[in-house]
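A.B. asks: I have a structure I would like to understand better, so I am pasting it below and will then ask my questions one at a time.
The values are calculated or read from the model by the stated rules, or taken from the named source; none is laboratory data. Please read these numbers as outputs of a predicted model, since none were measured by experiment. Note that each Cβ is placed from the backbone with ideal geometry, even for glycine, and that neighbours are counted across all protein chains shown. These area figures cover heavy atoms from the full protein model, side chains too; ligands, DNA and RNA do not enter into them. Shrake-Rupley method; radii C 1.70, N 1.55, O 1.52, S 1.80 Å.
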Amino acid sequence: MKKKEGLWFLGTAIFGLVLNLIVFGREGFRSGATVDKMVHESHFVVATIHLIILLTTVVFFMVYLIRMFHLNFKSRFANVIFLISDMAMILILTFLGPFSDTIQRIFASTVLTASSPKLLENANNEWNNTLYILIGLQLVLLILLVVCGIKSNFKFRAKEK
């Protein structure tokens, strides 16, 4: 069983590497490589390594989420890899919170109304609820983390007896 789990881990790592090569190319793996994105009048420069870590974490999370439920929490190795990738996803979403607030402020515009001579912020855009969506995703990930921990504990305690 251990050899099979090792092959799954190796296959997932290779799949993540190939996916990153397709998305970013060989140049994305250079030291100091960046991705530039222009949003309205703001220019964002993100280190490629951050996006590679994000994409690799998502790949491990999705593969081991499916694998964990498919095996019905019977593989300790799959459960541990899922727990690690789930915690990494929660951490990534935590760091995306301030970024989503910045994007929301960029897309918010100011308007001058006839009834009010002062400038009002028009926050009617699709980015208003991004922070709430990120918090909701974190709660779902936290629930998955707790469920996996509890189910794994019950499975392996029953196996020990």
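A.B. asks: What is the number of the single condition among (1) open to solvent by 70 Å² or more (accessible area, probe 1.4 Å); (2) closer than 21 Å to I14 by Cβ; (3) touching a residue at least 40 places away in the same chain (Cβ under 8 Å) that F82 does not meet?
C.D. replies: So F82 meets the others, but not (1).
A.B. asks: How many residues, within the stretch 18-54, are surrounded by 14 or more Cβ atoms within 10 Å (Cβ to Cβ) and either in a helix (DSSP H, G or I) or out of contact with any strand residue (DSSP E or B) (no Cβ under 6 Å at 6 or more places or on another chain) (or both)?
C.D. replies: Of the residues in that region, 12 qualify.
A.B. asks: Same structure, new question: Does the stretch 32-53 contain at least one residue that is closer than 25 Å to G6 by Cα, among the charged types (D, E, K, R) and out of contact with any Pro (no Cβ under 6 Å at 6 or more places or on another chain)?
C.D. replies: Taking every residue of the stretch 32-53 in turn, none turns out to be closer than 25 Å to G6 by Cα, among the charged types (D, E, K, R) and out of contact with any Pro (no Cβ under 6 Å at 6 or more places or on another chain).
A.B. asks: Cβ contacts < 9 Å: first residue in contact (Cβ under 8 Å) with a residue 12 or more places away in the chain, restricted to the stretch 13-24; second residue open to solvent by 70 Å² or more (accessible area, probe 1.4 Å), any location; separation 6+ or different chain. Result?
C.D. replies: N20/F29
A.B. asks: Check off (1) surrounded by 15 or more Cβ atoms within 10 Å (Cβ to Cβ); (2) modelled with pLDDT of 80 or more for F95 and give me the number that stays unchecked.
C.D. replies: Result: F95 fails condition (1) only.
A.B. asks: Also, quick follow-up: Looking at the stretch 45-92, which of its residues are among the polar types (S, T, N, Q) and modelled with pLDDT of 90 or more? Steps first, answer last, please.
C.D. replies: As a first pass, look at the stretch 45-92 and keep what is among the polar types (S, T, N, Q): 48, 56-57, 72, 75, 79, 85.
T56, T57, N79, S85, listed by residue number.
A.B. asks: Another question, then. Count, please, the residues in the stretch 71-96 that happen to be of a type outside the set (K, R), in a helix (DSSP H, G or I) and more than 12 Å from the chain's Cα centre (by Cα). Reasoning before the result, please.
C.D. replies: If we filter the stretch 71-96 for residues that are of a type outside the set (K, R), which is where we start, we get 71-73, 75, 77-96.
Applying the additional criterion that residues be in a helix (DSSP H, G or I) yields 77-96.
Imposing the further condition that a residue be more than 12 Å from the chain's Cα centre (by Cα) reduces the set to 77-84.
The qualifying residues number 8.
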